[in-house]
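Q: Pasting a structure below so you can have a look.
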Amino acid sequence: MTVFSNPDFDAHETVQMFYDQASGLKGMIAVHSTALGPGFGGCRMWPYGTEAEALSDVLRLSRGMSYKNALAGLVYGGGKAVIIGDSKTDKSKALFEAFGRAVDALGGRYITAEDVGIKVADMEVAASQTVYVSGIGRDGTDFGGDPSPTTALGVFLGMQAAVRHKFNRDTLDGLSVAVQGVGNVGFNLCKHLTDAGAKLMVADVYQPNVERACDELGAEAVDATAILFQDVDIVAPCALGGVINADTIPGLQAKIIAGAANNQLGTEQDGITLRKRGILYAPDYVVNSAGIIAVAAEYDGDVSEAELREKVNRIYDRSLAIFQRADGEDTPTSVIADQMAREIIANAS
Ligand code: NAD
């Protein structure tokens, strides 16, 4: 397993392995850039097949956070943590206490929160060991906690901007959307879509989540291997990354890709191919930034609910600006978003 010569290394400032024998905690924290402020990004718990897989994931996610936070106008850099393990069977109090100590040891260069496999209760345990944690709520208010509903709202706004740009309309009424992954964000996104009158198709590898979306929202269940290739207007990847790639793009029928999952594109080339195929890609870290906007607001502690909502609403205009610039420069939306983020980071360095 290489670090400096890893294809995803991309000049990371810090890559830290951590291990706690007593609890069995094995993980990594990556801080990509602190040019704008401390690295801020969630912690993912996942049963990675190899350490190299975990390293690639934490590096890609951490760089994504640098770009996400920059474009969202936050005074935070990019960082991310991964814990190697199965979130359904390997969790313990001792494990998250050890994780909290690992975060604390970085002295504030990295601030953590929830990502896939992590619940508010886990972060509350980590918070017993470090102040560098968010997504646990603020005493005496409804503010903060699980960022997923806010993330879903932001994805919905980005999707609305994509519909405006691609279909020249302001409503999703009657449009069809295939949602891959109806977990914390995907399910909340489905609620917005149902309220907006969209027709829903859903898939999840965890059957109870599929049943919830079908029973509560009237969604149609689709096989997980087929969801991306449905004859729908929009595909919303809301599970894991890398699903839009050289193997899947030829089979896509949707005209818009807009979802919550981080690192949806397998490679940069996939953004180019999508553009050539006339498929509008809403860059993942632009439309899914409401979660970090919410946990950053909770961490800062000086943002009102109305100000938070206003910051989240800007995702619509930001997405539209990226789509328009991409057309103006005949360049993939993914490339434009990266360029804009890098400019912000470079100006702060
Ligand atoms: P989650 O674990 O609650 O939901 C993910 C769902 O995807 C689960 O139900 C899981 O069973 C399902 N899934 C996994 N593999 C699948 C597959 N191959 N096909 C279909 N379904 C599959 O996670 P979440 O918090 O909803 O996050 C979803 C995505 O959004 C992740 O990529 C995450 O990094 C990203 N994201 C989340 C937030 C947030 O606020 N939670 C913020 C930004 C980005």
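The values are calculated or read from the model by the stated rules, or taken from the named source; none is laboratory data. Computed from a prediction, not measured in an experiment: that's the story for all the values here. Cβ coordinates were reconstructed from backbone atoms using ideal geometry, including for glycine residues, and neighbour counts include every protein chain displayed. In case anyone asks, the SASA skips ligands and DNA or RNA and just uses the protein heavy atoms, side chains included. Shrake-Rupley method; radii C 1.70, N 1.55, O 1.52, S 1.80 Å.
Q: Name the long-range amide H neighbours of Glu220: under 5 Å, sequence gap of 5 or more, or other chain; modelled H, no Pro or chain starts.
A: Amide H neighbours of Glu220, under 5 Å, 5+ apart: Leu200, Met201, Val202.
Q: Under the 0.36 nm per residue contour assumption, what length would be gained going from the current alpha-carbon distance of Ala35 and Thr331 to full extension?
A: Using 0.36 nm per residue and subtracting the Cα-Cα distance, I get 103.9 nm.
Q: Then there is this: For a paramagnetic label modelled at 7 Å from the Cα of Asn245 toward its Cβ, which residues of the stretch 256-290 fall within the zone defined by backbone nitrogen distances under 14 Å?
A: Backbone N within reach: 263-271.
Q: Please give the peptides 268-281, 198-211, 231-244, 304-317 ranked by average Cβ packing (other Cβ atoms within 10 Å per residue), highest first, as a rough proxy for protection.
A: Output ranking for 268-281, 198-211, 231-244, 304-317: 231-244, 198-211, 268-281, 304-317.
Q: Just the projected area, averaged over all directions, of the convex hull on the alpha carbon atoms of the stretch 281-331: how many nm²?
A: 3.7 nm²
Q: Can you give me the long-range amide H partners of Tyr281? Hydrogens built in the peptide plane at 1.01 Å from N, cutoff under 5 Å, separation of 5 or more residues or another chain.
A: Residues meeting the criterion, in which the H sits 1.01 Å from N, are Ile257, Thr333.
Q: When the Cα centres of the stretch 272-331 and the stretch 1-51 are compared, how far apart do they sit, in Å?
A: The stretch 272-331 and the stretch 1-51 have Cα centres separated by 25 Å.
Q: Here's something else I'd like to know. Angle check, please: helix 290-300 long axis (alpha carbons) against the longest principal axis of the chain (alpha carbons), in degrees 0 to 90, nearest 10.
A: Result, in degrees: 30.
Q: Shifting gears a bit: Just check the stretch 191-240 against the gyration tensor rule for me: Cα atoms, a ≥ b ≥ c as the square roots of the eigenvalues, rounded for a/c under 1.5, and otherwise prolate or oblate depending on whether a/b exceeds b/c.
A: Because a/c hits 1.5 or more and a/b fails to exceed b/c, the stretch 191-240 counts as oblate.
Q: What angle do you read, to the nearest 10 degrees and between 0 and 90, between the alpha-carbon axis of helix 333-348 and the longest principal axis of the chain?
A: Relative to the chain, helix 333-348 is tipped by roughly 40 degrees.
Q: Please determine, in degrees from 0 to 90 and to the nearest 10, the orientation of helix 148-167 with respect to the longest principal axis defined by the Cα atoms of the chain, where the helix direction is its Cα long axis.
A: That helix lies at roughly 30 degrees to the long axis.
Q: Now for a separate question. Give the calculated FRET efficiency between Asp10 and Ala348 to the nearest 0.05, with a Förster radius of 22 Å applied to their Cβ-Cβ distance.
A: E between Asp10 and Ala348, to the nearest 0.05, is 0.80.
Q: Right, something else. Please compute the per residue accessible area over the chain with all protein chains in place, 1.4 Å probe, rounded to a whole number of Å².
A: That works out to 41 Å² per residue.
Q: When the Karplus curve 6.51 cos²θ - 1.76 cosθ + 1.60 is applied with θ = phi - 60°, which whole-Hz ³J(HN,Hα) does each residue of the stretch 88-98 get, with x for Gly and Pro?
A: So the J values, rounded to whole Hz, are 7, 10, 9, 7, 7, 4, 4, 5, 7, 5, 5.
Q: If R₀ is 30 angstrom, what is the calculated FRET efficiency for the pair Glu305 and Ala121, using the beta carbon separation as r and rounding to 0.05?
A: With R0 = 30 Å, the Cβ-Cβ based efficiency is 0.80.
Q: Check each of the chymotrypsin sites (Phe, Trp or Tyr not before Pro) in the stretch 78-163 and keep only those in coil by DSSP with at most 16 other C-beta atoms within 10 angstrom; list them in order.
A: Those that pass, being in a loop and sparsely packed, are Phe143.
Q: Tell me the mean residue ellipticity at 222 nm calculated for the chain from its helices only (DSSP H runs of n ≥ 4, each -39500 (n - 2.57), averaged over every residue, nearest 500).
A: -13500 deg cm²/dmol
Q: Sticking with this one: Applying 1/(1 + (r/R0)^6) with R0 = 41 Å to the Cβ-Cβ distance of Glu216 and Arg164, what FRET efficiency is obtained, to the nearest 0.05?
A: 0.90
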